[in-house]
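What follows is a short report on a single structure.
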Amino acid sequence: MSPMRPDTPAENVDHASEAARLERIAELYPEDAEALLLRAAAHRELAGDRPAATALYDRLLVSGTGLDNPALVRALKASNLWEYGHEAEARAIIDGIRTASPRDPAPWVIVAESLESHDELEQAHETFTQAVRLLLTGVTEPPRATHPLLFGRHRVRRMLGAVHDEWDALADSVHTLPITLDELHDPKRVWSLGSENPAELEAEISRLRAELGAYRQALSRPFPVAILHWPADELAELREAYPALAREYPSYEEHLATTEAALRELASSGTPNLGVVTGTVPSYEAFRGVGGHRARGRDAAAALRDDAGGPGAGRSPGRRSGARRAGAAR
């Protein structure tokens with residue numbers, strides 16, 4: 001599926017149609033329902049249909065199947081509820097998440113930023129602080145996934161006028177952009193875009209670029225990245241049923257080598273949450289029929305590659321590798 005960013009504007013994506021497509025696929029592959037429905041819920045939110053997004057979160061929470069990350073589902077539900085007037089329920093869920101104290105940073109980031117966005121700065125600060133103490137006490141090199149906690153806490157403390165502490169210093173140490181966190185998070189910063197002074201304009205443009213870079217980094221969470229891999233028996237069956245795919249998958253050994261190379265490449269680039277998605281002949285055949293898909297043979301394989309790796313990945317699951325930004329590794 002395409003690596004749609006959470007900020008993709010509606011004019012570029014038909015969010016309602018994409019959500020419906022993902023929901024249909026989730027019906028076909030219940031083992032992947034969590035990742036697929038979370039993605040569908042994001043599209044529902046972007047389409048402005050927040051009640052439908054809540055229904056998807058509830059569908060996961062009451063499904064009776066073990067979720068990989070129930071705290072994340074609850075956090076997303078709380079954030080969404082607050083956006084359309086259900087503040088009391090959202091707060092209750094947030095309190096429950098804080099009590100449960102999950103070890104994954106993503107739910108903490110979501111609920112703390114939700115509090116922050118609704119001007120609950122003291123509670124946002126308490127939530128960020130609780131999370132960093134839980135996850136980073138005694139940690140000398142904070143994992144990348146925890147950086148938004150440190151940066152968010154620093155940002156809220158600047159708005160509260162708090163003096164720097166040891167966690168702020170740790171945030172500074174992992175911050176890599178040219179503009180310091182103090183400057184990025186300065187609530188009294190004078191906006192100079194209307195100035196006629198070229199130096200002030202240039203300085204403000206540099207700040208905005210740094211902020212944009214930080215925002216883009218934050219958008220990389222919380223979806224995992226996986227490589228599409230065909231087991232030897234499934235690949236043999238696929239090649240026998242669809243001879244045209246022999247060019248896409250010359251041999252299992254070559255497919256395995258390129259898959260491993262892709263995982264190493266992504267790992268060396270610092271990509272977190274790597275996994276493997278298993279390809280099967282039934283899933284390939286079902287994909288050809290989902291949403292009126294008319295692709296056949298190598299065209300269908302390429303489409304499945306794009307659904308697994310996304311058009312931005314630029315890799316094939318055969319000779320090249322296919323990475324995707326949604327779906328749990330199986």
Cα-Cα pairs in region 10-158 separated by more than 27 Å, as a whole percent of all pairs, come to 27
Inter-part gap, Cα centre of region 59-138 to Cα centre of region 225-266, in whole angstrom, is 39
With a Förster distance of 51 angstrom and the Cβ-Cβ distance between Glu202 and Ala246, calculated FRET efficiency to the nearest 0.05 equals 0.35
Exposure proxy check on His118, His175: fewest-to-most Cβ neighbours within 10 Å is His118, His175
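A short reminder: the numbers here are calculations on the coordinates, not readings from a lab. Keep in mind it's a predicted model, so treat the numbers as computed, not measured. FYI the Cβ positions are ideal-geometry reconstructions off the backbone, even for glycines, and counts take in every protein chain you see.
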